[in-house]
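Please read the structure below before turning to the comments.
The numbers here are math on the coordinates, done by the rules we state, and not lab data. Computed from a predicted structure; not experimentally measured. Cβ: placed from backbone, ideal geometry, glycine included. Neighbour counts: every protein chain shown.
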Amino acid sequence: MTTWALEAEGISKFFPGVKALNNVSLRIKSGSVHALMGENGAGKSTLMKCLIGIYRPDSGKIRIKGKEVEFADTLDAMRSGISMIHQELNLVPYMTVAENIWLGREPVRYGLVDHSSLNSKTRDLLSSLNIRLSPDQYVGELSIAGQQMVEIAKAVSWDADVVIMDEPTSTLTETEVDHLFTIIRDLRSKGKAIIYISHKMDEIFSITDEVSVFRDGNWIGSDITENYSRQSLITQMVGRELTQLFPKFNNAIGEDVLTVRNLSRKNVFSDISFTLRKGEILGVAGLVGAGRSEVMETIFGVEKADSGEILIDGVPISINSPSNAIEQGLAFLTEDRKKSGLFLVLSVLENMSIVNMPEYSGRAGFVSHVQMAKDCMEQVRRLNIKTPTMDQIINNLSGGNQQKVLIARWLLAQPKILILDEPTRGIDVGAKAEIYKLVSELANRGVAIILVSSELPEILGLSDRVMVMHGGKITGILNKEEADQETILSLASQ
């Protein structure tokens, strides 16, 4: 008889104007890894939030090992045997690794937190997971990949029967992904059930036993992983075949638009020199920690360079702030949309129009709301952004639709130079195809684009040239004909 670690039966969840889940059911076996697949907005994360106690379902039942449960909050769910690694990190930056892992469960002595015991417990946990972090390191000082490892350790620390992993590898290197898979196999061998959400097909076929597919808030189908092919899974997810992921445009590459000479920041990167041409897509590859994002932040004025110069159209310029960079025709889609991109309490309309607000303000200081709404609605249609209204709070949208809103924000600004840092992180294959088409169209119109990505198929499929970084230095710049996976990985790991 099958042992069901978790059963969700007839779950529905409604938000204003949106049916996020429509009578969906899911059963997860103990000792198995079960993938949840679907486009952004399909309902995967909403279902998981119902299972972990963040949301209360409007209808349906949840059972753990046959026992029906109702959760008052996430703490209640975790005490009942469900833990979750969230796609968006939920850590306290000014607290240590140990304090984050055991928050609310700290060992106490004489009425005070026993830091010696706390660090000892953490050391044992990290050692069992082979995670090389110090218990007393502040989380805010760790890389995003390091913080993800803390999230993984925190989820495992509950000794839960069901562990939900929502895009757990989005910030990890290939080596770190292998490490996570070792942890997953160990948990599976101990009879734990893993719910695994990812848009990376290779991971699904590598680590999972079963797959369930969701579309538009509905359950579409479930089967053992080996019965799916890549194409059949994509077709079930998006309801159509994707014939070509990377569109082909014969974009005419023009003169140099951006020139970077000997740009350096102490202990971060050094002697960065490259050019970017009109209508060109320059891919930037490298492992996590190579310094790619830091270079882009410096070019955009988020951080200040110690030396070097930046030229636009051959003219040396000084960029002291992001607003200054925007005036010079630059736009920057950041790596971490929630930390440095979105205003989570504002609406879709406000998030989309905020950079271009001066364009909608007349001499008297009045905002032309009609034109603003018209332009924003055009972007919603163009990018196929799924939102019930323009007044929807952006935090209620799926991660992929939030990302599209950020892209729309920069399109409204009509930049000369567009920097995209991990533009498809956490985005489903259908949305990726839409963004790839858009990026290619922009380049074809003469926009100069820098594409920072950890996904080599993305770099190879879109780039006209590829710049590779390692350890804060450029290790090579390849023409399209020279660029292949082996050469890029070799340059990225020098």
Problem set entry | Cross-link reach list, aspartates and glutamates versus LYS473, counting only Cα pairs under 13 Å and skipping chain neighbours closer than eight places | ASP271, GLU294
Exercise. Only one of the listed values, (1) 23.4, 74; (2) 23.7, 81; (3) 21.9, 68, was derived from the coordinates as Rg and Dmax of the Cα atoms in Å; which label is it?
Worked result: (1)
Exercise. With each label point set 7 Å from Cα along the Cα-Cβ vector, what nm distance links ASP216 and ASP202?
Worked result: 3.3
Problem set entry | Reciprocal mean inverse distance between Cα atoms of region 256-492 - Kirkwood radius, Å | 18.3
Problem set entry | Under 16 Å from LYS374, Cα to Cα: aspartates and glutamates that are on another chain or at least 8 residues apart | GLU350, GLU359, ASP391
For this session: Sum -39500 (n - 2.57) across every DSSP H segment of at least 4 residues in the chain, then divide by the residue count to get the 222 nm mean residue ellipticity, nearest 500.
Result: -9500 deg cm²/dmol
Seminar exercise, completed: Per the 1/(1 + (r/R0)^6) rule, R0 = 41 Å and r from the Cβ atoms of GLU68 and SER229, FRET efficiency to 0.05 is 0.65
Problem set entry | Dipole magnitude of the chain about its Cα centre (Cβ charges: Lys, Arg +1; Asp, Glu -1), debye to nearest 20 | 880
For this session: Arrange LYS266, LYS29, LYS192, LYS404 by Cβ neighbour counts within 10 Å, fewest through most, would you?
Result: LYS266, LYS29, LYS192, LYS404
Problem set entry | Selection from VAL345, ILE319, THR424 lying farthest towards where the dipole of region 256-492 points positive, charges on Cβ | VAL345
Problem set entry | Proximal lysines to LYS190, defined as alpha-carbon separation beneath 27 angstrom and excluding residues fewer than eight positions away on the same chain | LYS29, LYS44, LYS49, LYS61, LYS65, LYS67, LYS121, LYS154, LYS200
For this session: Going by C-beta contacts inside 10 Å, put LEU258, LEU47, LEU344, LEU442 in order with the fewest on the left.
Result: LEU344, LEU442, LEU258, LEU47
Exercise. Stretched out fully, how many nm does the piece from ASP124 to LEU489 gain, at 0.36 nm a residue minus the Cα gap?
Worked result: 128.0 nm
For this session: Mind sorting SER45, SER318 by how few other Cβ atoms lie within 10 Å of their own Cβ, fewest first?
Result: SER318, SER45
For this session: Evaluate the distance, in nm, between pseudo-label points positioned 7 Å from the Cα of HIS115 and of LYS437 along their respective Cα→Cβ axes.
Result: 5.7
Exercise. Based on Cβ point charges of +1 for Lys and Arg and -1 for Asp and Glu, what charge dipole magnitude is obtained for region 1-112 about its Cα centre, in debye rounded to the nearest 20?
Worked result: 300
